Amino acid sequence: MKRNVLPGLPLSLGVTLFYVGLIVVLPLAALAFKAASLGPSDYWAIISSPRAVASYRVTVLCALGATVFNLVFGLALAWVLTRYRFPGWRFVDAMVDLPFALPTAVAGISLTALFASNGWFGSVLADFGIKVAYTPLGIMVAMAFTSLPFIVRTVQPVLEDLDPALEEAAQSLGGSDWTIFRKVILPLLTPAILAGLSLSFARSLGEFGAIIFIAGNQPMSTEITALLVFIRLEEYDYQAAAAIASVLLITAFVMLAVTNILQARALRYTVRS
Amino acid sequence: MSAIRTGRKPPRVGDNPLFRGLLIGIVLIVGAILVLAPLILIGFQAFSDGWRVYASTLVHPDTRHAILLTVITALIAVPINTIFGIAAAWAITKFDFPGRRFLLVLIEIPFSISPIVAGVAYLFVYGLQGLFGPVLDTYEIKILFALPGIILASMFVTAPFVARELIPLMQAQGRDLEEAATSLGASGWRTFLTVTLPNIKWALLYGVVLCNARVMGEFGAVSVVSGNIRGQTNTLPLHIELLYHDYQAAGAFASASILAILAVITIIAKVALERQGAGRVPRPALVTQVAVASETKP
């Protein structure tokens, strides 16, 4: 290996390590330290309390629902944006990023107003006896909104780079469109879809701003875990806040590891093909 | 392959006009309901009590203070974040050192952590219950429930934003140009400013725009560390929540309209920068894989 002649390693690495240490590592270590100082039995008692467990259930189930919705809708959106050209597709493509650009609190009050029983959509749905705002369905809508871009933006580039020859070969062998999609295109998209799914799911698990307005926030039924942490803080119950926050932190690390493994596989796939 | 092709391209999968029209229709309708409607509704609701209420909300001292606090936070957090992003990208892409991959993981951690967890974590560093709380209290230095806490929490949630735009690009560009400049006698700074910067300026600006949007709109993390003191530590998103819970819906939406306009400007800037080539380097959703990819390359 040849010697590196470039200057600036001490300065750039120093700035990086200082910043990461102070801004990222120190606070997370402090949180872990606080949670660990509880002792196993107290820690377990807090994180396995019925109200905490109910909050995990709501959060995970709603995140699953939102992710499944985004899988179907995100895939359809990515397909439409790469395969078809129609008036205004550039606008649609740009609007996909709105959920990332719009502050979560703004999205939260806006979705609530839309889906409340007197809102544009809520009033129509109420005629069919469907309540969205202040129910788990509302939490799902908020989660689906904030994590929509993930699957679209991970699938889109792979779909764009797909070699038409693969489809042509399958067509020449007499495959129907649906068979070709299932047997040829979908397997090629799968690594990207899985990476997008895990990002989308992780984001939904941690989302706060967009959800608290629409959720209703009833303990045991529509209270998400992030809100429970916030409530414990407002009650000055710092130990409980630390313990439940550490559960969210561990979940985030697990999701990060899962995403990394999925992406490593996706990358190996693209390099090979 | 292209030699066989004559004139008209064969129809690709999903080109059946009926299927095509149906799929476009469904996607547009669902997209309009889920994404476009919230944006349009903000405009309607903001003016629901007339433009007088709208104007009076915007000139109210509390709103003006919230806007000022949000802008000050961005003016401090975004440049510091940008310097960090450039330093991190330079260190990671121009040098080989052990632990490069681990460093990438650390940089990207805030991306997957709940903003509430971030806020709580800062509480246990600078709060009275935290590591430095008692010391800071003795010297009467206020970090939490004040501007420094808001800035720190904002820097946490946006730590990866600039770095993750620069790292894939600078990795792809390699080190040859910088090595040539240095061997011809250019100093490190000169090499960076005249060789590297022109190649990364659009991606850098892209990262800065996204970072700014997130800083100005951050709610969860700031909500924990700010203390929500009206007219003192309320940023614009927190001000919106306060008005909303005070049953001043029109006022809340009027304040929200400022952030909605910011979001639209951000998207327009994003599209413009993408036309300049920013954000086009093929990259994984998590930059951690960039280093892995380069390491495994034969």
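The values are calculated or read from the model by the stated rules, or taken from the named source; none is laboratory data. Small disclaimer: the values here were computed from a predicted structure and weren't measured. All Cβ positions, even for glycine, are placed from backbone atoms using ideal geometry, and neighbour counts span all protein chains on display.
Conditions (1) over 26 Å from A:Ala242 (Cβ atoms); (2) part of a loop (DSSP other than H, G, I, E, B); (3) more than 7 Å from chain B (Cβ to nearest Cβ), marked per residue:
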position	(1), (2), (3)
A:Pro7	yes, yes, no
A:Leu11	yes, no, yes
A:Gly14	yes, no, yes
A:Val25	no, no, no
A:Leu38	no, yes, yes
A:Ile46	no, no, yes
TODO: Please verify whether the stretch B:82-96 includes one or more residues that are over 27 Å from A:Leu11 (Cβ atoms) and either in contact (Cβ under 8 Å) with a residue 24 or more places away in the chain or over 24 Å from the mean Cα position of the chain (by Cα) (or both).
DONE: no
Task: Single condition A:Ala192 does not satisfy, out of (1) more than 10 Å from every other protein chain (Cβ to nearest Cβ); (2) buried (at least 22 other Cβ atoms within 10 Å of the Cβ); (3) of a type outside the set (Lys, Arg); (4) more than 30 Å from B:Tyr122 (Cβ to Cβ) - done: (1)
Open item on the list: Looking only at the stretch A:141-160, filter to residues that are over 12 Å from the mean Cα position of the chain (by Cα) and among the polar types (S, T, N, Q); which one of those is farthest from the other protein chains (Cβ to nearest Cβ)?
Closed with: A:Gln156
Task: Pick from the stretch B:88-102, criterion more than 7 Å from every other protein chain (Cβ to nearest Cβ) and part of a helix (DSSP H, G or I), ranking: surrounded by the most Cβ atoms within 10 Å (Cβ to Cβ) - done: B:Ala89
- [ ] Select from the stretch B:141-188 the residues that are of a type in the set (Ser, Thr, Tyr) and either modelled with pLDDT under 90 or farther than 19 Å from B:Glu218 by Cβ (or both) and list them in ascending order.
- [x] B:Thr182, B:Ser183, B:Ser187
Task: Residues satisfying the stated conditions in the stretch B:162-177, i.e. within 28 Å of B:Asn212 (Cβ to Cβ) and either of a type in the set (D, E, K, R) or not assigned by TED's automatic domain parsing to the domain that holds B:Asn212 (or both) - done: B:Arg164, B:Glu165
- [ ] Examine the stretch A:212-220 for a residue that is within 9 Å of another protein chain (Cβ to nearest Cβ) and in a helix (DSSP H, G or I), and state whether such a residue exists.
- [x] yes
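Taking only the stretch B:194-242 into account, find how many residues are in a loop (DSSP other than H, G, I, E, B), surrounded by fewer than 24 Cβ atoms within 10 Å (Cβ to Cβ) and hydroxyl-bearing (Ser, Thr, Tyr).
The total comes to 1.
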- [ ] Could you check A:Ala94 against (1) under 30 Å from B:Ile268 (Cβ atoms); (2) touching a Pro at 6+ places or on another chain (Cβ under 9 Å); (3) not β-branched (Val, Ile, Thr) and say which number it fails?
- [x] (2)
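So which residues in the stretch A:237-262 are small (Gly, Ala, Ser) and either farther than 13 Å from B:Val105 by Cβ or touching a residue at least 24 places away in the same chain (Cβ under 8 Å) (or both)?
Once the filter is applied, which keeps residues that are small (Gly, Ala, Ser) and either farther than 13 Å from B:Val105 by Cβ or touching a residue at least 24 places away in the same chain (Cβ under 8 Å) (or both), the stretch A:237-262 yields A:Ala240, A:Ala241, A:Ala242, A:Ala243, A:Ala245, A:Ser246, A:Ala252.
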Task: Checking B:Thr57 against (1) assigned to a helix (DSSP H, G or I); (2) out of contact with any helix residue (DSSP H, G or I) (no Cβ under 7 Å at 6 or more places or on another chain); (3) not aliphatic (A, V, I, L, M), the condition it does not meet - done: (2)
- [ ] May I ask you to list pairs of residues, at least six apart or on different chains, whose Cβ atoms are under 7 Å apart, with the first in the stretch B:120-146 being under 20 Å from A:Phe230 (Cα atoms) and the second being of a type in the set (Gly, Ala, Ser) and surrounded by fewer than 22 Cβ atoms within 10 Å (Cβ to Cβ)?
- [x] B:Tyr126/B:Gly133; B:Gly127/B:Gly133; B:Phe145/B:Gly227
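Yes or no, residue by residue, for (1) surrounded by fewer than 22 Cβ atoms within 10 Å (Cβ to Cβ); (2) more than 21 Å from A:Leu111 (Cα to Cα); (3) touching a strand residue (DSSP E or B) at 6+ places or on another chain (Cβ under 7 Å):
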{"site": "A:Lys183", "(1), (2), (3)": "yes, yes, no"}
{"site": "A:Gly196", "(1), (2), (3)": "no, yes, no"}
{"site": "A:Ser204", "(1), (2), (3)": "no, no, no"}
{"site": "A:Ser221", "(1), (2), (3)": "yes, no, no"}
{"site": "A:Thr225", "(1), (2), (3)": "no, no, no"}
{"site": "A:Val229", "(1), (2), (3)": "no, yes, no"}
